[in-house]
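Chemist: Here it is: the structure, laid out below.
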Amino acid sequence: MTNTVHRFLCLLTGLLMLLCTVFETSSPVLAASGRIKELRIADSRGDWGPPTPYQHYPRGPGYLRAAWIFDTLIWKDHNGLVPALAESWSFDPSAMRYIFKLNPRARWHDGRPVTSSDVAFTIEYFKKHPSSWCKPQWISAAQTPDERTVIITLAEPYAPFLETIAGVMPILPRHIWERVSDPQNFMAPEAFIGSGPYMFKDFDRTRGSYLYEAFDGYYQGRPLADRLIYLRAGASLPALLSKEADLADIQPDMAAAAKQRGLVVIKNEHGWNKKLMLNHTREPLNSKIFRQALAYALDQEEIIAKAHRGFGLPASYGLLSVDHDLYNPAIPSYPHDTQKARQLIESLGYERDEEGFYAKNGQPLHLELLASAVSLGGQNASDRDGEVVKKQFEEAGIRIKLVAMEQTAADSLIKNWQFDLAVSGHGGLTGDPAGLNEYILPEEGADNVNSARFGANAELTTLLREQIREMDPEKRKQMIFAVQELYAEELPAISLYYPEFTAAYAPEKGVAWFYTKGGVSGRGIPLPQNKMALIPR
Amino acid sequence: MDTGSRSQGLPGLCAAYLLAALALLYLSYRLPRLLPGDFLTALYSGAEASLPPELKEAYRNQAEALITRGFVGYLNDFFTLDWGRSLAFRKPVRELIFTALPWTLLLLGSAHLLSTLVGFFAGVESAWRKGSLPDRLGVSLMTILEGIPEIGSGVLLLLVFSLSLGWFPAAGAETVYSDFTGWQRFLDVLHHLALPLGTLFLAYLPGNFLLSRAGMLYAINAPYMLTAKAKGNSPLRQRYLHAARNALLPVVTRFGVRLASLLTRALTVEALYSYPGLGSLLCNAIALRDLPLISGIVLVTSLAVLSITLILEFAYQKLDPRLRA
């Protein structure tokens, strides 16, 4: 029997070694031509919907999967806006119109030229069939004086036009989409024909994988890698080290290990914040004083230290990121001060009981705190924020019932205002300040559980509505400064900290991936998958 | 499991199973609908983009149609094999399940079978050498292993064999979009299977080993073993034909009972290794509140477990002559 076991073990070891040697050299880095044969990007979820402008999931990773196929008029690289389908553009403030000159070399994947009529058609098509990412309602008309020129007239002033419309709206081929009346269900092979650097080849829903092939006729030059692949990998660092993936997000505390093993580690700016949602429609959270007391009770540094092993940065109370060009450093701040928090609570008529917790008219001050594994830049991440926040509030005399639940269940309660406090989070804080409206105003954030949906301060509401119409950059800056000040005073939600976004890539492929300032596209997607990294310079 | 069914006979047994199947059908219809939150909230609540009102209306109508369609309609759909379309994947539920099922069967089937076989033979051999060093070592090792959950051993295997040594891939069931065909593809699948299979094997093995060993110890001391020895049977014959056959019964029972918990136990491993099986699909479906897909997976797996239990009823009667009455 011992011999049998021995033989079995030898056989098993042999088989394992055979498997390892067979696959050790199975992934060639470069093709014979010196070009990159294949690039693999991994994320933990995999499936982000079919990569068409109408079918990808409404999150950043879904948009980016379609962006490889569909180009926009302009795009962003390290330094800001850069030409894409439009090789140049100008603004005529007197007529409130933008003039775009299209790149004459631009072609659709089926070989036809991209013309101004495609752009005009796209605008009309998105007006008729708005998608979750593209609602060009600010445009009144699009004229096409010639095949290369598009003149877009705005219905009313709209400051973030370039960032959030021209830089986000995927241009559709008219000859295909003009026959499509139901874009949500258009899944024919032509639905994937765009003018971007990569052509769509496959999408496997259950496996969560995507395959693209380089488009030879791309107007900015053939992209660097012949094939681009997305795959699902829960454990990103092992996937990178075993060469299954060339680029993936990693946990910040893995950065040292990744560098040690020869990977290049890149860090993003602070465009994503974890925040405490407050139900300001019910007592006592409808009181500004009480909300300020909560801010004093919180210790941002302690949350970062205890729940994130020190990886993070305390957030600005004015919502806009400290890394934003329009960040206002002179806004009200709430350094951790339990005594101050107690004074403010007591000024509202609360008294401490024998256990040190507050009560008013015999009613104990008791709040429920929802905590869930909030998806961070599209990837699920669990943490201990809820526990640390509970401890800090209880130290200030507020009884907290911590309720941990799955994200959609928590979102559902937040959406219907059935909560007191909730730990939540979102990005877009380094992009155009138009995003502030979506995270503050009640009408724009109606679907978004991360939005404070706050309309109680008329001055704040008016400023937000008007800042997007202010075309003078200096005047707009002053308005954004005032918005941050008012927001930090009102605290309709309390920004806690910016987690660190870290990615790693294999340098031997010769691609220098980068995080885009303000995030990719005008929506501030905090991922390093900018297609400009694969465009030859 | 057996006493009641024997007294009722085959019709009684079938009726009991039919009733259980009906109950499972109802649960698969009802339970997913009790989940808080809906598809729209799951997909859009934290998104960078908001949903246009027209689309919101369309999704809402779709969801309402699902909820208002009663249990009778659901039964009708089930029997006509129309299991609906997944809200998230926009594909027929049946197609999605049958794409993921082979991977789950491969992973769970091989882990379960391998751990039962190895556990059984190792248990029998260990019991036969009771008190020896290998036996004591085996029992200690298996007791320790029994206490390590899949998530623990899975992460450990991942760290050692993928992160440190780089021998095995960390994710997926095969190299996506590779040019492998034939043997190369087969080896690629095995290469990807190694770590998740190893994790599940380590999780299932100790139970099988300890159970077989305990059953065997009981059987070795039974009077019929003395008879078997006196009849001049070789030690191998004594072990396997006389003793181990009796020790096999609880192992077979365990095999069936464990099947019921297999899917839920595999969820962790499938998620850890991003294995594209039913567990991953169910996780995605629940996260997205994709009601037709959740119902489909819950139903298929629970009916599969029920069928296996029924098969085991008969297998048990074959193995144990006392039950053939």
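Computed from the coordinates by the stated procedures, all read-outs in this text should not be read as laboratory data. The structure presented is a predicted model; accordingly, all values stated were derived computationally and were not measured. Quick reminder, even Gly has a Cβ in these numbers, built from the backbone with ideal geometry, and neighbours come from all protein chains shown.
Chemist: With +1 on the Cβ of every Lys and Arg and -1 on the Cβ of every Asp and Glu, and nothing else charged, how large is the dipole of chain A about its Cα centre, in debye rounded to the nearest 20?
Modeler: So the magnitude is around 1360 debye.
Chemist: Using all Cα-Cα distances in segment B:129-216, what percent lands in each 5 angstrom bin from 0 up to the longest?
Modeler: Pairs per bin, as whole percents: 3, 13, 17, 17, 14, 13, 10, 7, 4, 2, 0.
Chemist: Using +1 on the beta carbon of Lys and Arg, -1 on that of Asp and Glu, and nothing else charged, what's the dipole of segment B:3-323 about the Cα centre, debye to 20?
Modeler: Result for segment B:3-323 is approximately 1500 debye, rounded to the nearest 20.
Chemist: How would segment A:393-537 be classified by its alpha-carbon gyration tensor: rounded, prolate or oblate, with rounded meaning a/c under 1.5 and the a/b versus b/c comparison settling the rest?
Modeler: Cα axes put segment A:393-537 in the oblate bin.
Chemist: While we're on this one: Over 20 Å intervals from 0, what percent of Cα-Cα pairs in the protein assembly as shown sits in each interval?
Modeler: 13, 40, 33, 12, 2, 0
Chemist: I've got another one for you. Relative to the present Cα-Cα distance, how much length would full extension add between B:ARG185 and B:ALA230 at 0.36 nm per residue of separation?
Modeler: 10.9 nm is the gain from fully extending B:ARG185 to B:ALA230.
Chemist: Could you work out Rg/(2.2 N^0.38 Å) for segment A:342-463, with Rg from alpha carbons only?
Modeler: Normalised Rg, Cα atoms only: 1.23.
Chemist: Grab the DSSP H runs of the protein assembly as shown that are 4 residues or longer, score each as -39,500 (n - 2.57), total them, divide by all residues and round the 222 nm result to the nearest 500 deg cm²/dmol.
Modeler: Helix-only estimate at 222 nm: -13500 deg cm²/dmol.
Chemist: Moving on to the next point. Amide H to amide H, which residues 5 or more places from A:TRP108 or on other chains are under 5 Å from it, using H placed in the peptide plane?
Modeler: Counting only residues 5 or more places away or on other chains, the set is A:VAL114.
Chemist: Against the longest principal axis of chain B, how steep is helix B:53-68, in degrees 0 to 90 to the nearest 10, with axes from Cα atoms?
Modeler: The angle comes out near 50 degrees.
Chemist: Pop out the ³J(HN,Hα) list for segment A:86-100 in order, Karplus 6.51 cos²θ - 1.76 cosθ + 1.60 with θ = phi - 60°, rounded to Hz; leave Gly and Pro as x.
Modeler: Per residue, the Karplus-derived 3J(HN,Hα) values read 8, 7, 8, 7, 8, 10, 10, x, 5, 9, 6, 9, 10, 10, 10 Hz.
Chemist: Okay, moving on. With an 8 Å cut-off on Cα pairs and a minimum separation of 6 or more residues, tell me the relative contact order of chain A in percent.
Modeler: Relative contact order for chain A comes out at 20 percent.
Chemist: Taking the radius of gyration and the Kirkwood hydrodynamic radius from Cα positions alone, what is the Rg/Rh ratio for segment A:111-231, to two decimal places?
Modeler: My calculation of the ratio gives 0.99.
Chemist: Amide H to amide H under 5 Å from A:TYR497: which residues, 5+ apart in sequence or cross-chain, H placed 1.01 Å off N in plane?
Modeler: The list, which skips near neighbours in sequence, is A:LYS274, A:ALA315.
Chemist: Let me ask another. For the residue pair A:ALA257 and A:THR281, what label-to-label distance in nm results when each label sits 7 Å from Cα along the Cα-to-beta-carbon direction?
Modeler: Roughly 4.5 nm, to one decimal.
Chemist: Also, quick follow-up: Evaluate E = 1/(1 + (r/R0)^6) for B:ARG129 and B:LEU105, where r is the Cβ-Cβ distance and R0 equals 30 Å; express this FRET efficiency to the nearest 0.05.
Modeler: 0.25
Chemist: Assuming R0 = 35 Å, what is the FRET efficiency of B:ALA23 and B:LEU241, from their Cβ-Cβ distance, to the nearest 0.05?
Modeler: Efficiency, rounded to the nearest 0.05: 0.25.
Chemist: With r as the distance between the Cβ atoms of A:ALA456 and A:ASP325 and R0 = 30 Å, compute the FRET efficiency 1/(1 + (r/R0)^6) and round to 0.05.
Modeler: 0.55
Chemist: For segment A:79-127, count the residues as N, evaluate 2.2 N^0.38 Å, and divide the Cα radius of gyration by that value, please.
Modeler: Taking N as the residue count of segment A:79-127, the ratio is 1.30.
Chemist: Oh, and also: Give the long-range amide H neighbours of A:ASP77: residues separated by 5 or more places, or on another chain, with amide H under 5 Å away, using H modelled in the peptide plane at 1.01 Å from N.
Modeler: A:VAL82
Chemist: Can you work out the Karplus-derived ³J(HN,Hα) for every residue in segment B:92-98? Use 6.51 cos²θ - 1.76 cosθ + 1.60 with θ = phi - 60°, whole Hz, and x for glycine or proline.
Modeler: x, 4, 4, 5, 5, 5, 6
Chemist: Can you compute 3J(HN,Hα) from phi for each residue in segment B:281-296, using the Karplus curve 6.51 cos²θ - 1.76 cosθ + 1.60 with θ = phi - 60°, rounded to whole Hz and x for Gly and Pro?
Modeler: 4, 5, 4, 4, 5, 5, 4, 9, 6, 8, 3, x, 6, 4, 4, x
Chemist: List the DSSP H helices in chain A whose Cα atoms stretch 27 Å or more along the helix axis and whose mean Kyte-Doolittle hydropathy is at least -1.0.
Modeler: Helices meeting the span and hydropathy rule in chain A are A:2-24.
Chemist: How much length, in nm to one decimal, is gained on full extension between A:GLN184 and A:PHE91, taken as 0.36 nm per residue of separation minus their Cα-Cα distance?
Modeler: Full-extension gain reported as 30.2 nm.
Chemist: When only alpha-carbon atoms count, how far does segment B:3-323 stretch along each of its three principal axes, as whole angstroms with the largest first?
Modeler: Result for segment B:3-323: principal-axis Cα extents of 84, 58, 37 Å.
Chemist: Another question, if that's okay. Please check which bits of segment B:77-118 a label hung off A:GLN418 would reach, taking the label as a point 7 Å along Cα-to-C-beta and the cut-off as backbone N under 20 Å.
Modeler: none
Chemist: For the Cα atoms of chain B, what angle does the longest principal axis make with the long axis of helix B:182-220, in degrees from 0 to 90, nearest 10?
Modeler: 50 degrees
Chemist: Rounded to two decimals, what ratio of Rg to Rh does segment B:15-131 give with C-alpha atoms and a Kirkwood Rh?
Modeler: For segment B:15-131, the value is 1.19.
Chemist: Determine the relative contact order of segment B:3-323: mean sequence separation of Cα pairs under 8 Å and six or more apart, normalised by residue count, in whole percent.
Modeler: 28 percent
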